[in-house]
Structures are given as structure tokens and as C-alpha cells.
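Novice: Would you mind keeping the following structure in view while I ask a few things?
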Amino acid sequence: MITTRKDNVVDNFHGTEVADPYRWLEDAEAPEVLEWVGEQNKVTSKFLDAIPQKEAIKDRLTQLWDYPKFSAPVKYGNYYFFWKNDGLQNQSVLYRQESLDSEPELVVDPNKLSEDGTLALTSTTFTRDGSLMVYGRSQSGSDWEELKIKTIETKADFADTIRHTKFASVAWRSDKSGFFYNRFPDPSTVPPDETSFNGKVYWHSLNTDQSEDKLVYERPDYREMSFSPFATEDEKYLVMRVWVGTATQNRIYYRPMDSDGEFIRLLDEADARYDFIDNDGPVFFFNTDLDAPRGRIIAIDTNHPERENWKEILPEQSDVIDSVGVVNHKFVVSFLHNANHQVAIYSLDGQFERQIELPELGSVVQISGKRDDTEMFIGFTSFLRASTILRYNFTDGEVSVFRETELDFNPADYMTQQVFFASKDGTQVPMFLVHRKGINLNGQNPALLYAYGGFNISLTPAFSPARLAWLENGGVYALANIRGGGEFGESWHQGGMHGRKQNVFNDFIAAAEWLIENKYTNSSLLAIQGGSNGGLLVSACEVQRPDLYGAVICQVPVADMLRFHRFTVGRYWTSEYGNAENSPEEFKILYAYSPLHNVKPGVAYPPTLVLTADSDDRVVPLHAKKYFATLREAQQGDNPILLRIEMKAGHGHGKPTAKIIEEQSEIYAFLFKLFGMEVR
């Protein structure tokens, strides 16, 4: 055990003194912190490397990962563009092909842009004819990116480089002379804690230096505002989604694409979510939760934008409208029905036309197609099905399999079911269960319970090669669709926000209790896992009910609920959590469940593996470090408390395949050791 020194640091929140003895761990670049990180990684590596099953698990995960992975093709001009990973490539590669059965042609291979695969492409925006594209590049998993421009035919990049972007959005002009984009100030011009304020929209002309870019829009009166510009498909309008933090409510501004005039604030009250779908000339279509928590489609004639003139196209349904697009001059609507997807087609005046038959209970991960296309592609997956690309022909209504993958795994041996359980307040919560057919419900099965519960994010059936190794060695996988997510609309989301956050933890605890009561597992064989906001979830549940779990996998957690808003983009989350500095009431709510502040000395906490990454600039690693140090000091007994800090990695996006396999093999080795599991 390495002793972590403590300082006498105390903050006063509205009259309550709160100690923060590990404040010094917040300085990620301090030599003492770097040394501490190195020592903790050595301890963790020594523990994990000594697990006999680790190498066999890694070998099996490598086998399971080694299959071709495709995105759905998207057509620009005369070409279909798609992403492909041969199996074990660190990053997926972008290709194009002139017809669906012609030989693919390489467009860009990010694996050749860095030796270790840690440079990832974050986004691509093509011109309408597919001749040019802007693509984002991120290093070591950072949210910060730079934009490059490529001529598709020659594969040559322009000299232009756009820097200081994060969550970049791009809108090309139809003449391809340049594009609009959003960015933040040059970090050298502002204090370190101001780098993600004062977002702006600029115009960039091709073959010019970024210093010559023209400022198009800013709001110095509201420095928290951020802007995502995009072009309508007919290229007649420049539209901006205007957002503040992670609040679901947003604004919509626009102006004609060929105008240099003021933006028209079409929707400026931030009273609901407005997702732009498409336009028919001056008529804009939106999917909104205004007066409809599960969503509805409305039309706004921008020549007569007054609310009394708005037209409802598709009323709120019993299921949540998850996404809407226009293909073949039809609305293609993806619904969430009890946390799995269904797809239906409607006319532009809202008349139901038909349901698209999907292979099984699962998730639609991508729908590609444009207004004038006679075909669309649907990326579909489930717990036991790797991503399958379906093709729908609007001419004859036929659904066919365009691409599917064979794995060294027989899904027929396994089953997926959905159950509902009662939370503490009686709310019925759904949970997916995946396991081998015919398991013995004797309470002796190792089980892994996962959830997220926040930010209106819906968890639906998803495929994971790593999880297959868990299933084929007798494990049960459970995914709980707890409150805070978007599975049942905005009301489900709001049921787990702010002062109602404890509902999220109660739901998760009730899921664990249901698994035990129904003899799927017992507390000594039950592991809980979550990342980011899900890391907050499992750490809060760990300190609230340490008796309930046999292991905790806590990934990139938000753990210090009193100071999270002070780092990088943490302030974006105050719309979800609140801010302890705002009022005694908000402090009381956050202090009551903040994992860091509710660890009790002398408690036997379950074996815990806390994971973070040195380049995570979304949920900064200080959360994991401080939580680990606090938990480790308080621990009573011999249950291991370990910290794993990935180097040259971020919050998770863009992580190379090699790093993912290594991380997953260590997570499962940890669980196999604790639960006495052998690799079959």
C-alpha cells in the first residue's frame, strides 16, 4: 500500500466546512502527482499481471474483436462513403465506392497518422458532391481537435489547418469556396479556466490562413452560449443550433446562406429541445419535446414564424421519438419502445405508411439517406448481433441485409429478455438480461450490472466483443434503464436530475436487489460497472450500499460533486446536477450523494477498480484520483482498491483498439479472479 499524503484544506460552503485533503492531486502536471500516478499504476499492474486468467482472457478478446466492422454507407455525389475496420486496426478507415458492389477506394487512413494509433478522426463533413471534406483530428482522446480539408480525388490535404475547436460543426457553401465553423478562443489569449467560454462562429475561405478567418457570430453578452452551424440539405440556409452546456433545451438561429446579414432568432426562448430535421423551402421541420415529453414533429413557416402558425405534423406517440430524418421525401422515424428501437415511415403531412421490420429486439445506430434518394441504410445491432447493415428500397418496400458479420461465437446458445422491477418509490424500471440459455437460477452465477442514468442519454441493446467472453464463461449481463436517461422521454430524464438524483441511485440499487432476489446471482458474485456519469452512479451506490456488491468497476467517474464545475467543461453539467456554490439548497443536495464526501472510514468496501486516463479533458482524472485515495484510506479489510490510469488516452472516444483490448482484458481478469471464474 502506498500512503497518499493529506493536506489541511477546508472549504466553507454556506456555513458548512468541508475538508479536501487530497486537493493537491488536482494538479495533473505537478511532479509529485506524476510520481504518485506512476507508483499507483505499478501497484495495479503488479496485481493484475499476477492473475493467471489474464493472458487467456486477452487472447480470447483479441479473437472476438477480430472481425470486419462497417458503418452504413452515405452517398455524396456519385459515391458511397463508409468506414471500415478490418478487425484489429486501431482506428477505422474511410473508403468510398462508386456502386454498392464496386471495389472500395481508400480516402483516409488515420492509422497512418500516428505510430501508436492514438490520433483519431472525430468528424467528417462533405460538400454536396463529395469532392471535398473537412475532417477533425484528435490526439490521445482529447476533446480538442484540429480541422483539415481534403480533396477526395487526389487525397491531398490543403495547407489550411483550423485549430482551437471542440465539438466542431461545419457548414459548406454550395460554391465550395469555404465553410462556416465554430471554435473557441486561442488558449494563449485567455486564462486556463476560460478556454471553453466565448464560443464563436467563423467563416473560412479555402487556401487561406486561419488568422484571416472572418468572425460571423458571437455573444459576448452570454459567454456560456455555444453554436453548431450547419447547412440545410438544399444549401439555401445557414442554421445554428445554439446551446448552453448539456441542457436539453436549445435555441435555433438562421439566415439565408448567401446573406451577410443578422441571424434571425427563430427559436430563442430555450423552452424545449428543438432538433432540426429538414426544410421544404421556407418551412422548417423540427422534432421537439415542447408540450410533448416523448417528442413530436412540428413545421414552422419561417415567413410566418409566430407560434399560432406552427403546424403539428406528427403528434406525441406512446413511444419516444428518438430520431427523425427525411429520405425519399418521407419522414423516417426511429422510436424507442421500452428502450429498444422501432422504425416507421410517414408522409411529410404525418400519415403513417409502414413499419420497417428489424431483425430482433435491438438498436438502430445509424440511418443514412437523403431527401431525393430511393434507398436508405440502417445500421442495426443487439446484445448478440454485431452491427448489421440493412438496405431499404423505397421503390418496392423490400428490406435486405447489405452487410453482416460472422463471428467465432454462436448467439443461438444465448438469450436476451427484458424484465421490469419496482424501484424504492414504486416506479417500474426496465432491465435487459443476457445470458446462456438454460442457466441454473440458484443464485450462484456471476453477474455484471451496468447503467448510466443521466443527461437524457438512452441505453439500448448494444454489441460488445468483450462482453461475449463474460457470457461464454457463465456470466450474466444486466443493463438497467434507470431514470435520468431518455428511454421514456424528457419526464424520465427529469426524474433523475437535480434534487431527484437519488432516484437514479435507488433505481440501480433496486436492480441489484432484484437480481439477487430472483436468484440470478448473490451479492458476493455481483459486479457493478459504469463510466462518466455512470462512474458517479456506481461510486455513489458503492458508498451507499457497500454490502450489496462483490466488485465495483468505476470508469472515468465524476466523483467530487462540490467542485466538478471548476474544471474544463464541468460547468456544462450544472444544468443536470446543480452547483454547490449557488445556494445552500443545491449544496445540501450534492453533498448528500457526492461519492468523494460520503466515504466512511472503517467500512469494508467491495473490491474496486477505478479507471481514468491522463488526457481526459472532459471528466478530468482528478475525480478518480481523489475518490480512489479517499476510499483506499477508509477501507477496512483486505478487499483490493486499485487505480488504473491509462496514458495517452482520454474519456474513451477515439481510443485505439489495442488499448481497448488491454483495458477490457484487465477489467475482466479482475472480475474472474474475484469470482473464481476460469476461462473455458
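The values are calculated or read from the model by the stated rules, or taken from the named source; none is laboratory data. Predicted model, so just to flag it, every value in this text is computed and none were measured. Glycine gets a Cβ as well: all are built from the backbone with ideal geometry, and neighbour counts include every protein chain shown.
Novice: For segment 377-441, list the strands (runs of 3 or more DSSP E) that sit wholly inside it and hold at least 2 residues that are under 27 Å from residue 452 (Cβ atoms) and under 28 Å from the mean Cα position of the chain (by Cα); which are they? So that I can check it myself, show each step before the final result.
Specialist: Values: elements: 385-393, 399-403, 414-422, 428-436.
It comes to 385-393, 414-422, 428-436.
Novice: Taking interchain pairs and intrachain pairs at least six residues apart, which have beta carbon atoms under 6 angstrom, with the first residue in segment 314-338 and under 14 Å from residue 491 (Cα atoms) and the second charged (D, E, K, R) and not in a strand (DSSP E or B)?
Specialist: Short answer, once both residue conditions are applied: 316/294; 320/294.
Novice: Would you say residue 175 is farther than 30 Å from residue 573 by Cα and without any contact (Cβ under 8 Å) to a residue 24 or more places away in the chain? Spell out the reasoning first.
Specialist: Working: farther than 30 Å from residue 573 by Cα: yes; without any contact (Cβ under 8 Å) to a residue 24 or more places away in the chain: yes.
Against the criterion (farther than 30 Å from residue 573 by Cα and without any contact (Cβ under 8 Å) to a residue 24 or more places away in the chain), residue 175 qualifies.
Novice: Have a look at 172, 83 and point out the one that is surrounded by 21 or more Cβ atoms within 10 Å (Cβ to Cβ) and either out of contact with any Asp or Glu (no Cβ under 7 Å at 6 or more places or on another chain) or of a type in the set (Lys, Arg) (or both).
Specialist: 172
Novice: Now a separate question. Could you tell me which residue of segment 487-525 is surrounded by the most Cβ atoms within 10 Å (Cβ to Cβ), considering only residues that are under 22 Å from the mean Cα position of the chain (by Cα), hydrophobic (A, V, I, L, M, F, W, C) and in a helix (DSSP H, G or I)?
Specialist: That would be 508.
Novice: Looking only at segment 208-265, filter to residues that are closer than 18 Å to residue 569 by Cα and hydrophobic (A, V, I, L, M, F, W, C); which one of those is nearest to the chain's Cα centre (by Cα)?
Specialist: This residue is 247.
Novice: Of the residues in segment 88-108, how many are exposed (fewer than 15 other Cβ atoms within 10 Å of the Cβ), touching a residue at least 12 places away in the same chain (Cβ under 8 Å) and farther than 25 Å from residue 325 by Cβ?
Specialist: Within segment 88-108, residues that are exposed (fewer than 15 other Cβ atoms within 10 Å of the Cβ), touching a residue at least 12 places away in the same chain (Cβ under 8 Å) and farther than 25 Å from residue 325 by Cβ number 2.
Novice: Within segment 82-109, can you find the residues that are of a type in the set (A, V, I, L, M, F, W, C), under 23 Å from the mean Cα position of the chain (by Cα) and not in a loop (DSSP other than H, G, I, E, B)?
Specialist: 82, 83, 93, 94
Novice: From 217, 181, which residue is more than 22 Å from residue 131 (Cβ to Cβ) and part of a strand (DSSP E or B)?
Specialist: 217
Novice: Going by what's in this entry, would residue 633 be described as touching a residue at least 12 places away in the same chain (Cβ under 8 Å), part of a helix (DSSP H, G or I) and in contact with an Asp or Glu (Cβ under 8 Å, 6 or more places away or on another chain)?
Specialist: No: the conditions fail for residue 633.
Novice: Let me ask something else about it. For segment 220-235, name all the residues that are surrounded by fewer than 19 Cβ atoms within 10 Å (Cβ to Cβ) and outside any loop (DSSP other than H, G, I, E, B). Before the answer, list the steps.
Specialist: From segment 220-235, those surrounded by fewer than 19 Cβ atoms within 10 Å (Cβ to Cβ) are 220-224, 230, 232-235; that's our starting set.
Within segment 220-235, just 230 meets the criteria.
Novice: Another question about this same structure. Return the residues of segment 339-363 that are without any contact (Cβ under 8 Å) to a residue 60 or more places away in the chain, over 27 Å from the mean Cα position of the chain (by Cα) and surrounded by fewer than 18 Cβ atoms within 10 Å (Cβ to Cβ); say none if nothing qualifies.
Specialist: 347, 349, 350, 351, 352, 353, 354, 355
Novice: Can you spot a residue in segment 118-138 that is buried (at least 20 other Cβ atoms within 10 Å of the Cβ), under 23 Å from the mean Cα position of the chain (by Cα) and assigned to a loop (DSSP other than H, G, I, E, B)?
Specialist: yes
Novice: So for segment 200-210 (the condition being part of a loop (DSSP other than H, G, I, E, B) and surrounded by 15 or more Cβ atoms within 10 Å (Cβ to Cβ)), does at least one residue qualify? Give the steps one after another, and end with the answer.
Specialist: Residues of segment 200-210 part of a loop (DSSP other than H, G, I, E, B): 206-209.
Checking which are surrounded by 15 or more Cβ atoms within 10 Å (Cβ to Cβ) leaves us with none.
Scanning segment 200-210 turns up no residue that is part of a loop (DSSP other than H, G, I, E, B) and surrounded by 15 or more Cβ atoms within 10 Å (Cβ to Cβ).
Novice: Do you know which residues across segment 646-658 are surrounded by fewer than 22 Cβ atoms within 10 Å (Cβ to Cβ) and either free of Cβ contacts under 8 Å to residues at least 60 places away in the same chain or closer than 17 Å to residue 43 by Cα (or both)?
Specialist: Result: 647, single match.
Novice: Any idea which of 28, 56, 50, 19 is within 30 Å of residue 92 (Cβ to Cβ) and over 28 Å from the mean Cα position of the chain (by Cα)?
Specialist: Result: 56 is the single residue among 28, 56, 50, 19 that is within 30 Å of residue 92 (Cβ to Cβ) and over 28 Å from the mean Cα position of the chain (by Cα).
Novice: Turning to a different aspect of this structure: Taking only segment 1-44 into account, find how many residues are part of a strand (DSSP E or B) and among the polar types (S, T, N, Q).
Specialist: 2
Novice: Kindly establish whether residue 538 is modelled with pLDDT of 95 or more, in the same structural domain as residue 668 (by TED's automatic domain parsing) and part of a helix (DSSP H, G or I).
Specialist: yes
Novice: Residue 579 fails exactly one of the following numbered conditions: (1) more than 22 Å from the chain's Cα centre (by Cα); (2) in contact (Cβ under 8 Å) with a residue 60 or more places away in the chain; (3) not in a helix (DSSP H, G or I). What is the number of that condition?
Specialist: Among (1) more than 22 Å from the chain's Cα centre (by Cα); (2) in contact (Cβ under 8 Å) with a residue 60 or more places away in the chain; (3) not in a helix (DSSP H, G or I), residue 579 violates only (2).
Novice: Moving on to the next point. Tally the residues that are surrounded by fewer than 19 Cβ atoms within 10 Å (Cβ to Cβ), closer than 19 Å to residue 288 by Cβ and not charged (D, E, K, R), restricting the search to segment 251-265.
Specialist: 1
Novice: Only strands (runs of 3 or more DSSP E) wholly contained in segment 263-323 count here; list those with 3 or more residues that are in contact with a Phe, Trp or Tyr (Cβ under 9 Å, 6 or more places away or on another chain).
Specialist: So the answer is 264-267, 274-280, 283-288, 296-301.
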